[in-house]
Amino acid sequence: MGKFIKTCLIIGVICIVAGIATSGTGIFKGGLTQLKDEILNGEWFVDLGEHTEIEPFFELEEQHYFKEDAVVNVDVEKVQDTFSEADVQELYIKSAGVTIGITEHEGEGIFIEANMVHKYQAYLEDGELHIIARGQSGQNLGKGEVKVSVPSSLCNSGAVDLEIESAASVVSFDKLTAKDVELKVSAGTISWKELTAGELSVEMAAGTVNGTNTTVTGETDMKVSAGTITLTGVLGSETELETTAGKVEIALRDAFKAYNYDISCAGGSVTVGDQAVEGIAKTVELEHGASKHIDIECSVGAVNISFTEE
């Protein structure tokens, strides 16, 4: 494949991804029924070559989506499950084409309610509570809903890990304190109002991550092919931020000189405070003798980091 043709394909995929990712719920509306079905079935694939930076759209790995020896509920109108929070060390959510809301309640027990979901499974194994849900066909995509109610004691304990995989889904929660948080977004939206994490990892093919009042005490790792990440809060000791054709907006409740910076810009734009880096093959190091470090690699996307303190 010639370089020009490959470049055109890459741009085309970026445009498709960006169009679907403009809104977390945008994929649920309008046409694209066939594409939605192919996405949910893991059938849509474009080979861009092994040396390209853009990954093929996203893979749902349908054959491994649900655990074979656990109950799978099919064409669910309404089903409920209850688990003891004392047994849970990690909350693992995997969703495709559904809306998932995580809320807290006073009392004991983790309560799950699934409504209008094509396939749903919840099981506890080795301290990991797995909640897996897939939406209907393309025409009904987005109508399914899963509600997860977690005790306030667990939400505030900082004793659990949180892992979310979202493919064309909307996942949201209000408040959570966790050890490690890992987010994988193929499309759709993950959002929160308040999050405190020891480590935060975000891997995005397309979609939106929107988090306010975010505090990371350890390492942060964000890799964005396309889509948008918007965060407010405070970052920890080490932050690695890599974007191919995505956009990252971070507003830090911190000072510019609270961090050291390594910035590499291949063709996009990076703005950190009042420092702007853009153009072809630009590299800048900003050393402030700080205890925290931010490493930014930007291909053709955009990164903007602002500060509320002098």
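Coordinate-derived values only; no laboratory data. All figures in this text were calculated on a predicted structure; none of them were measured in a lab. Cβ coordinates were reconstructed from backbone atoms using ideal geometry, including for glycine residues, and neighbour counts include every protein chain displayed.
Gain on full extension, evaluated as 0.36 nm per residue between Asp295 and Val74 minus their Cα-Cα distance, stands at 75.1 nm.
Looking at the stretch 164-310, the pairs of alpha carbons with a distance over 26 Å make up 18% of the total. For Val160, the amide hydrogen comes within under 5 Å of the amide hydrogens of Lys179, counting only partners 5 or more places away or on other chains and with H modelled in the peptide plane.
In this structure, the amide hydrogen of Lys143, modeled 1.01 Å from its nitrogen in the peptide plane, lies closer than 5 angstrom to those of Gln136, counting only residues at least 5 positions away or on a different chain. In order along the stretch 114-131, the phi-based Karplus estimate (6.51 cos²θ - 1.76 cosθ + 1.60, θ = phi - 60°) of 3J(HN,Hα) comes to 10, 10, 6, 10, 5, 9, 8, 8, 9, 7, 10, 8, 6, x, 9, 8, 9, 10 Hz; Gly and Pro are listed as x.
Please tell me which of these pairs span more than 26 angstrom C-alpha to C-alpha: Lys147/Lys179; Lys67/Lys175; Lys223/Lys257; Lys193/Lys223?
Lys67/Lys175
The tail of the calculated P(r) for the stretch 109-197, taken as Cα-Cα distances beyond 19 Å, holds 43 percent of the pairs. Ordering of 92-100, 121-129 by packing is 92-100, 121-129, highest average first (other Cβ atoms within 10 Å, averaged per residue).
Each eigenvalue of the Cα gyration tensor of the stretch 252-309, multiplied by 5 and square-rooted, gives one semi-axis; in descending order these are 20, 12, 8 Å.
Using the Cβ-Cβ distance between Ser157 and Glu106 with R0 = 22 Å, the FRET efficiency computed as 1/(1 + (r/R0)^6) comes to roughly 0.95. Using a Förster radius of 41 Å, what is the FRET efficiency between Asp174 and Ile280 based on their Cβ-Cβ separation? Nearest 0.05, please. FRET efficiency, Asp174 to Ile280: 0.45. For the stretch 90-118, list residues with backbone N below 16 Å from a point placed 7 Å from the Cα of Glu128 toward its Cβ? Residues passing the 16 Å test: 90-95.
Taking amide H atoms as placed 1.01 Å from N in the peptide plane, the amide H of Ala290 lies under 5 Å from those of Asn260, each 5 or more residues away in sequence or on another chain.
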